[in-house]
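The values are calculated or read from the model by the stated rules, or taken from the named source; none is laboratory data. The structure presented is a predicted model; accordingly, all values stated were derived computationally and were not measured. All Cβ positions, glycine included, derive from the backbone under ideal geometry; neighbour counts span all protein chains shown.
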Amino acid sequence: MKIFKQLSFLALLLSLTSCGGSGVDPKNPKSREFELYIDYWNPLGNNPQITFDGVNSSPEVKIDFSQTFAGVAVPPNFTNVIIDNVRIIDANDINYQIDGITAYEWREELDDWKEDVEFTMDYTQVQDLSVIMVLDESASLGQDFEKVKQYASSFITNVLDEIPNARIGIVDFADQIHSFPPTNNKAALQNYIASLTQGPFTSLYESVNMGITMLENMDAEAKVLLIFTDGTDNNSDPEFTPAFLLDRLNNTASDVKTTSFAIGLEGKGGVDKPVLQALATNGGSAAFPKNIDELGRVFLKFSSSIANVYNLTYVRNQQVVPESGKRKLRFVIKGTAKNE
């Protein structure tokens, strides 16, 4: 029995300190550490490649873990692998800015992780950002629609304050669908938001499709789709289904995948949670505020998550590393919560 209790305690201890966990700095409650685990190989010396260990990596690190990233040789004797569109978002939709990254490599001869000071992971916040807001303006919102417009307007301010050159476009829908072209002209965007009027029905899927098309026709380092609705689709053509939209998001012809976020306001017409959760893909997330005040907080959090996106660059030499001898890498990312 004593041995069983000791094993149980050990299992609990391991679960609290596991690789996927996130450490909290007691001196700064807003500061946490997150871990990213990578397999690296470079069979010819000039074609580095990495894949991710999604099981051990912290779930707050939002990356397409199924993707293999290929890098390039950089004269005179370096290689770079760029991991694009990285966000850190916790279960409460709190976004974290990156303050530093420490690299480690597993060394068999040491049977331990060794800090690596020569091969590093650099990070830069993306400044070339395109966002399309897909906004429900159906009659079911009632008097709350004025606050929805206020929150959408504040979202525009928050994103452009963070990234002044970001381009934001709008698709608004009820029975009819309208759009406003992407721009960083805050006054023009907010004037358009102020002019929106309500209508019957919900053309959600067709509007999301239009938003995806607008983003695919844009050149940007990061592309984001933000979907807001308080109901379920009841007015789109039959060809526009959740499966059709998800296929477009996951199999884009563009070099940059679209990250999609979804907000479903509960307590009105009733939202289809599984659909919105599925459409929040490629590192995005879905939220379901229960009232209009919660909705404002979600728009604020998502504005931070959308604007605060990074490109990571793993820098290494041109040493040949066969695929059969992949190097195990671990990166400890220190981050600070924003808009908590």
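The listed residues are Ala262, Ala243, and the only one of them that is surrounded by fewer than 20 Cβ atoms within 10 Å (Cβ to Cβ) and either over 23 Å from Lys149 (Cβ atoms) or at pLDDT 95 or above (or both) turns out to be Ala243. Are any of the residues in segment 282-302 within 19 Å of Ile132 (Cα to Cα), in contact (Cβ under 8 Å) with a residue 12 or more places away in the chain, in contact with a Ser or Thr (Cβ under 6 Å, 6 or more places away or on another chain) and of a type in the set (A, V, I, L, M, F, W, C)? The answer is no; no qualifying residue exists. Mind listing just one residue for me: the one in segment 234-251 that is part of a loop (DSSP other than H, G, I, E, B) and without any contact (Cβ under 8 Å) to a residue 40 or more places away in the chain and, of those, nearest to Leu129 (Cα to Cα)? Here the residue is Asn251.
Evaluated against (1) surrounded by fewer than 21 Cβ atoms within 10 Å (Cβ to Cβ); (2) touching a helix residue (DSSP H, G or I) at 6+ places or on another chain (Cβ under 7 Å); (3) at pLDDT 95 or above, Gly269 falls short on exactly one condition, (3). Do we find that Gly54 is modelled with pLDDT under 95, surrounded by 14 or more Cβ atoms within 10 Å (Cβ to Cβ), over 16 Å from the mean Cα position of the chain (by Cα) and not hydrophobic (A, V, I, L, M, F, W, C) in this structure? In short, no.
A count restricted to segment 152-190 and to residues that are assigned to a helix (DSSP H, G or I) and either over 21 Å from Met210 (Cβ atoms) or touching a residue at least 12 places away in the same chain (Cβ under 8 Å) (or both) stands at 15. So which residues in segment 219-256 are under 17 Å from Ala307 (Cα atoms) and not basic (Lys, Arg)? Correct list: Asp219, Ala220, Glu221, Ala222, Val224, Leu225, Leu226, Ile227, Val256. Scanning segment 75-101 for residues that are part of a strand (DSSP E or B) and either among the basic types (Lys, Arg) or free of Cβ contacts under 8 Å to residues at least 40 places away in the same chain (or both) gives a single hit, Arg87. Regarding Gly45, is this residue assigned by TED's automatic domain parsing to the domain that holds Asn92 and at pLDDT below 95? Criteria not met by Gly45.
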